[in-house]
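The values are calculated or read from the model by the stated rules, or taken from the named source; none is laboratory data. These numbers come from a predicted model, not from an experiment. All Cβ positions, glycine included, derive from the backbone under ideal geometry; neighbour counts span all protein chains shown.
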Amino acid sequence: MSLPFPRAVLFDLDGTLADTAPDLAGAMNRVRAARGLPPTPYETLRPVASAGARGLIGASFGLKPADEGFEELRIAFLDAYEAAIAVESRLFDGMDALLASLAEQDIAWGIVTNKAGRFTHKLVPELKLEHVGCVIAGDTTPHSKPHPEPLLEAARRLDIPPGQCWYVGDDLRDIQAGRAAGMTTIAAAWGYCGHQEPVEWLADAIAQSPQELLGLIQKSS
């Protein structure tokens with residue numbers, strides 16, 4: 001199937017645009033250390049990094065948001081993360097070249113994440129991203145993904161119809177949000193992806209790397 005050529009490409013942040021799992025996992029394990037607990041293996045935390053505090057606390061402490069003690073851990077985790085938000089976080093390999101190619105082709109790009117603005121607007125400058133057309137955080141609109149409103153707000157800010165935008169993400173809710181917004185959806189299989197298989201998400205395409213995503217753009221019509 002030929003994909004429509006994008007006038008804009010929107011990216012999820014954690015696990016799609018940037019590899020932020022090392023700093024997220026580090027914050028979680030500092031919370032454990034403060035409680036006299038051994039670290040949770042990185043291999044356990046990385047797959048759930050896109051789910052933020054909910055996923056990391058679930059993997060590290062076995063607690064859900066409604067459980068007693070969850071909120072105390074959530075606050076401690078977020079404070080620990082904010083204090084060291086960009087120590088090891090980096091753009092994924094090939095992402096710089098992809099973004100440069102978008103600029104060369106006059107394709108706008110932006111970020112739509114569920115990460116709260118408190119962290120998003122601190123992290124994005126640390127990643128030294130240039131020419132970003134819009135940054136929509138998890139609390140920019142009244143809704144977060146999988147609701148389509150954050151994506152629709154990004155399209156409005158870029159002044160590009162949703163149907164001419166691609167949304168790229170590494171989580172099922174990214175694809176659900178993109179589909180609901182009427183955008184072309186790309187599953188970022190290089191990301192964290194939880195314990196799910198992106199093939200089951202019904203995205204319009206799956207890219208195994210930023211380089212493969214660039215190839216999809218170049219082949220679109």
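The sole residue among 113, 184, 141 that is polar (S, T, N, Q), at pLDDT 95 or above and closer than 11 Å to residue 8 by Cβ is 184.
Considering only the stretch 83-91, I want to know if a residue exists there that is out of contact with any Ser or Thr (no Cβ under 7 Å at 6 or more places or on another chain), basic (Lys, Arg) and under 20 Å from residue 157 (Cβ atoms).
The first filter runs over the stretch 83-91 and keeps only residues out of contact with any Ser or Thr (no Cβ under 7 Å at 6 or more places or on another chain), leaving 83-88, 90-91.
Among the residues that remain, those that are also basic (Lys, Arg) are: 90.
From what's left, under 20 Å from residue 157 (Cβ atoms): none.
No: zero hits.
Taking the numbered list (1) in contact with a Gly (Cβ under 6 Å, 6 or more places away or on another chain); (2) part of a loop (DSSP other than H, G, I, E, B); (3) of a type outside the set (Ser, Thr, Tyr) in turn, residue 163 passes all entries but (2). Take residue 74 and tell me if it is basic (Lys, Arg) and free of Cβ contacts under 8 Å to residues at least 60 places away in the same chain. Answer is yes for this residue.
Which helices (runs of 4 or more DSSP H) does the stretch 1-61 wholly contain that include 2 or more residues that are surrounded by 16 or more Cβ atoms within 10 Å (Cβ to Cβ) and at pLDDT 95 or above?
On the way: elements: 21-34, 42-45, 52-61.
Qualifying helices (runs of 4 or more DSSP H): 21-34, 52-61.
Would a scan of the stretch 177-189 turn up a residue that is touching a Pro at 6+ places or on another chain (Cβ under 8 Å), under 23 Å from residue 115 (Cα atoms), touching a residue at least 40 places away in the same chain (Cβ under 8 Å) and not small (Gly, Ala, Ser)? Looking through the stretch 177-189, at least one residue is touching a Pro at 6+ places or on another chain (Cβ under 8 Å), under 23 Å from residue 115 (Cα atoms), touching a residue at least 40 places away in the same chain (Cβ under 8 Å) and not small (Gly, Ala, Ser). Residue count for the stretch 187-208, restricted to those that are modelled with pLDDT of 95 or more and out of contact with any helix residue (DSSP H, G or I) (no Cβ under 9 Å at 6 or more places or on another chain): 1.
Against the numbered list (1) more than 19 Å from residue 141 (Cβ to Cβ); (2) in contact (Cβ under 8 Å) with a residue 60 or more places away in the chain; (3) touching a Pro at 6+ places or on another chain (Cβ under 8 Å), residue 165 comes up short only at (1). Which ones in the stretch 124-172 are touching an Asp or Glu at 6+ places or on another chain (Cβ under 9 Å) and among the basic types (Lys, Arg)? Residue satisfying the conditions is 145 alone.
Closer than 23 Å to residue 19 by Cβ, in contact (Cβ under 8 Å) with a residue 60 or more places away in the chain and touching a helix residue (DSSP H, G or I) at 6+ places or on another chain (Cβ under 8 Å), is that true of residue 94? First the steps, then the outcome.
Details: closer than 23 Å to residue 19 by Cβ: yes; in contact (Cβ under 8 Å) with a residue 60 or more places away in the chain: yes; touching a helix residue (DSSP H, G or I) at 6+ places or on another chain (Cβ under 8 Å): yes.
So residue 94 fits the description; yes.
The set of residues in the stretch 104-123 being part of a helix (DSSP H, G or I), over 20 Å from residue 54 (Cα atoms) and in contact with a strand residue (DSSP E or B) (Cβ under 8 Å, 6 or more places away or on another chain) consists of 121 alone. Annotation for the stretch 181-196: no member residue is outside any loop (DSSP other than H, G, I, E, B), surrounded by 15 or more Cβ atoms within 10 Å (Cβ to Cβ) and of a type in the set (Phe, Trp, Tyr).
Based on what the data block shows, is residue 178 modelled with pLDDT of 95 or more and in a loop (DSSP other than H, G, I, E, B)? Against the criterion (modelled with pLDDT of 95 or more and in a loop (DSSP other than H, G, I, E, B)), residue 178 does not qualify.
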